[in-house]
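The values are calculated or read from the model by the stated rules, or taken from the named source; none is laboratory data. Keep in mind that this is a model prediction, so the values were computed, not measured. Quick reminder, even Gly has a Cβ in these numbers, built from the backbone with ideal geometry, and neighbours come from all protein chains shown.
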Amino acid sequence: MVVSVASDHAGYELKCFVEEHLKEMGHEVLDGGARSADVPFNYVEAGQKVCEDILSGKAGRGIAICGTGIGISIVCNKHKGIRCGLCTNEYMARMSRQHNDANVLSFGARVVGRALALAMVDAFFSEDFAGERHAVRVADISAQEDRLFK
């Protein structure tokens, strides 16, 4: 799968670590956002890059990282068709896929360590959407987007 990964400067080092893991898993990575931890990069631009890659069909899923994960997840969820789960543990990452059909995983580089980040990535990419009763809720989300984003 092609995966878009982007971060601000606070998430740069973890982004690079996650990208290597994704490549080892056999995924193709589209790298976006910060090019250094030392040069400020806006999480808004990083989140937009992940969303643009998914919405254009260049990527199937995305990972968005900033200092806390909060700002970049808010940015991602402003895009119609994006369901970004801000996760702080493996269970949340798993459920974001199973119950919400999330297409973007977000977390904070200042909140989670490397081992937890990889566990969340593994959970996010090993799960499928469960459908059934959850499909009704995801359809409701899409209907709300249609009303709000005319």
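Some notes on this structure:
- Filter result (without any contact (Cβ under 8 Å) to a residue 40 or more places away in the chain, within 16 Å of PHE125 (Cα to Cα) and part of a helix (DSSP H, G or I)) within the range 1-35: GLU19, GLU20, LYS23, GLU24
Quick grid of which residues meet (1) modelled with pLDDT of 95 or more; (2) among the hydroxyl-bearing types (Ser, Thr, Tyr):
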| position | (1), (2) |
| --- | --- |
| LYS49 | yes, no |
| LEU86 | yes, no |
| MET95 | yes, no |
| LEU118 | yes, no |
| PHE124 | yes, no |
| VAL136 | no, no |
| SER142 | no, yes |
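- Candidates in the range 52-74 are the residues that are touching an Asp or Glu at 6+ places or on another chain (Cβ under 9 Å) and surrounded by fewer than 23 Cβ atoms within 10 Å (Cβ to Cβ); of these, the one that is farthest from ASP38 (Cα to Cα) is LYS58.
- Residue check for SER142: surrounded by 22 or more Cβ atoms within 10 Å (Cβ to Cβ) and polar (S, T, N, Q): no
- Some residue of the range 36-45 being closer than 25 Å to HIS134 by Cβ, modelled with pLDDT of 95 or more, in a helix (DSSP H, G or I) and out of contact with any Ser or Thr (no Cβ under 9 Å at 6 or more places or on another chain): no
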